[in-house]
Amino acid sequence: MASQGSKLFACAPAVHFFSHTMPVLLGLLLFSILLTPGDSLECETCIATSSNCSGMLMNCSANEDTCAVSLTESKVDQISVQNIVKGCSSTKACGQGPYSINLGKMFTSRGVAVCCKGANCSSISVPLPPINNTVNGKKCPACYSILSPCSSSDVAECTGAEDQCLDLSIKSGTIKITMKGCTTKSYCDALSQNAKKTLKEAAFGMIDGKCTEANKAPPSSRFPLLALSWLLLVKILL
């Protein structure tokens, strides 16, 4: 099955790869912010392109006091895809609230991560945040690209609570994806939480990202974001 998937993506054009990768990627990216290794609490871990999944138990670190479930819905070229991820977390990390990401006309995403414990994680209902297409007057450079430089000639009209400009560069092996657009403060807060992760996770993939206030000059500094679950994405899609 894995070899068939590899052949399929090897033959497909970049835009085909991108449209299938992005919805899964952003759900993983949001949830990777919550993941850390350890050996105390046990949580169910799984990922699926649907609204529910089940999997094996994973040992969590001593400072993680809860399990978490992340649900994301992303739209690429008018095609909507939901993906769910379950794993270990802390109440501080999974309490950031709902988020949305808007990379312009071609791509939007919304999602939320909620805390849970025990059997409740299997039956918990994770509500997606409501769609808010009301333009709020803020704008951000917008683009997305795979394997090539990302041009910010387009502009995303921020909607709803989106008041931050997002700039992400994701790299694992020879794969590099760049994304720019509008997002919410809740997503940026989650990204900054991820900057505190251990260097052990660097082997699984590097995410370099920053958030700046919409319509204002970006700062000169960046924070490194180490995404453990990016390795899962590469294995699933390649």
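The values are calculated or read from the model by the stated rules, or taken from the named source; none is laboratory data. On a predicted model such as this, the values are computed, not experimentally measured, just so you know. Ideal geometry is used to build each Cβ from the backbone, glycine not excepted, and the neighbour counts take in all protein chains shown.
Residues in the stretch 69-83 that are within 21 Å of Val114 (Cα to Cα) and over 11 Å from the mean Cα position of the chain (by Cα): Val69, Val81, Gln82.
Among the candidates Lys171, Lys185, Lys200, Lys176, single out the residue that is surrounded by fewer than 21 Cβ atoms within 10 Å (Cβ to Cβ), modelled with pLDDT of 90 or more and either over 26 Å from Gly95 (Cβ atoms) or among the basic types (Lys, Arg) (or both). Step by step, each of Lys171, Lys185, Lys200, Lys176 is checked, and only Lys185 is surrounded by fewer than 21 Cβ atoms within 10 Å (Cβ to Cβ), modelled with pLDDT of 90 or more and either over 26 Å from Gly95 (Cβ atoms) or among the basic types (Lys, Arg) (or both).
Taking Pro141, is it modelled with pLDDT of 85 or more and closer than 17 Å to Ser169 by Cβ? Here the answer is yes, as Pro141 does meet what is asked. Total residues in the stretch 56-108 satisfying the condition of being touching a residue at least 60 places away in the same chain (Cβ under 8 Å), β-branched (Val, Ile, Thr) and over 24 Å from Val155 (Cβ atoms): the figure is 1. For the stretch 203-218: of the residues being buried (at least 16 other Cβ atoms within 10 Å of the Cβ) and modelled with pLDDT under 75, which is farthest from Val155 (Cα to Cα)? Taking the candidates together, the pick is Phe204. Residues considered: Ser80, Ser74. Of these, the only one that is exposed (fewer than 14 other Cβ atoms within 10 Å of the Cβ), of a type in the set (Gly, Ala, Ser), in a strand (DSSP E or B) and touching a Ser or Thr at 6+ places or on another chain (Cβ under 8 Å) is Ser80.
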